[in-house]
Amino acid sequence: MSSRHLIDRMPSSCRICRCWGASSLCGACLQRFSAPQHRCQRCGLPLPGMEAAPSTCGACTSQPPVWRRAVCAQDYAFPWSDLVGDFKFKGDVALARLLAQQLATALRRAPQALEVDLVLPVPLSAPRLQERGFNQSWELARRLGQIFGLTCHADLLQRPVDTAHQVDLSLQERDRNLRGAFMVTPGQHQKVAGRRVAVVDDVMTTGATLREATRTLLLAGAFSVDVWTVARTP
Ligand SMILES: [Zn+2]
Ligand SMILES: [Zn+2]
C-alpha cells in the first residue's frame, strides 16, 4: 500500500459558510453550491438545461474522448476549488469524505455510471507521494469503493515517471509530456484485462492526465475506462 490512509474526523461546522451543525455541508450551502447540473456524459462539461436523458456535447460527438464516460461532480470554481485545494495541499482530510460524497451523488445521478468492476486512483509518482504524504485520488477512490461496494486498488496503476509540472504547457505539450507516464504493475495485467475500470482524480483540467491513464489501461486490456472527478475546469 503506497498511500497511508487518512482518518476521517467528525466535522463540526459547514466547510463553506462555517455555520455550526451536524454536517460538513449545511443545507443552505448544499442548495446553493451543490445543485444538480446537466453535463455531457463523455467529457463532464456542463450542458444547458436539465434533461434527464444522457447527452453528449457537440465536441464529443465529432471527436469522442478515449474514455467511455466522464462523471464530474462540480465545476472547478468557488467553493469547490478552495475545498479541493485545502484537501490536497493542506492535508485537510475531513474534506476527503465531503468531496467523495459529492462525487458519489453525481455518480448516482448519472445513468449507468456505476457499471464498473474496478476503481483505481490516478497514481502519484513516488517523490510526489512522499512529499504530500498521501494520494488525494486514492483517498477519494477508496471512499467511493466503500460507498458503492466496488473493488479498489491503490497500486495497480503506477506512475514510474515524475513528469514535469503541466501548468505552463500547451494542450499538445501536456499530452506529449505524459506519454508513458503510467504503467499497470508488472504481473498484474490480469486484474485489468476485460474489466470495466473507473479512474478517479480530484480535478480534470485539460484531461491530459486522465487520457494517458485511460490509454494505459486500454492497452493493458481493460474492457472500458470511465473517469470520475470531483471537479472539472469549465
Ligand atoms: Zn454552509
Ligand atoms: Zn462532451
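The values are calculated or read from the model by the stated rules, or taken from the named source; none is laboratory data. On a predicted model such as this, the values are computed, not experimentally measured, just so you know. Cβ coordinates were reconstructed from backbone atoms using ideal geometry, including for glycine residues, and neighbour counts include every protein chain displayed.
Looking only at region 32-76, count how many residues are within 16 Å of ligand 1 (Cβ to nearest atom), charged (D, E, K, R) and touching a residue at least 40 places away in the same chain (Cβ under 8 Å).
0
Is one or more of the residues making up region 70-82 farther than 19 Å from residue 103 by Cα and either within 14 Å of ligand 2 (Cβ to nearest atom) or over 20 Å from the mean Cα position of the chain (by Cα) (or both)?
no
Tell me whether region 95-109 contains one or more residues that are among the aliphatic types (A, V, I, L, M) and surrounded by fewer than 16 Cβ atoms within 10 Å (Cβ to Cβ).
For region 95-109, residues among the aliphatic types (A, V, I, L, M) and surrounded by fewer than 16 Cβ atoms within 10 Å (Cβ to Cβ): absent.
Of the conditions (1) surrounded by 15 or more Cβ atoms within 10 Å (Cβ to Cβ); (2) part of a helix (DSSP H, G or I), residue 131 satisfies every one except a single condition; which number is it?
(1)
What is the number of the single condition among (1) without any contact (Cβ under 8 Å) to a residue 12 or more places away in the chain; (2) farther than 23 Å from residue 227 by Cβ that residue 29 does not meet?
(1)
So, in region 107-128, how many residues would count as being at pLDDT below 95 and assigned to a helix (DSSP H, G or I)?
Summing the residues that are at pLDDT below 95 and assigned to a helix (DSSP H, G or I) in region 107-128 gives 4.
Determine which member of the set 45, 114 is over 19 Å from residue 203 (Cβ atoms) and under 16 Å from the mean Cα position of the chain (by Cα).
114
Being of a type in the set (Lys, Arg) and within 15 Å of the chain's Cα centre (by Cα) is the filter; apply it to region 139-160 and report the residue that is nearest to residue 119 (Cα to Cα).
Only one residue fits best here, namely 142.
For every residue, the table says whether it meets (1) over 28 Å from residue 220 (Cα atoms); (2) crowded, with 21+ Cβ neighbours inside 10 Å.
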| site | (1), (2) |
| --- | --- |
| 38 | yes, no |
| 89 | yes, no |
| 111 | no, no |
| 120 | no, yes |
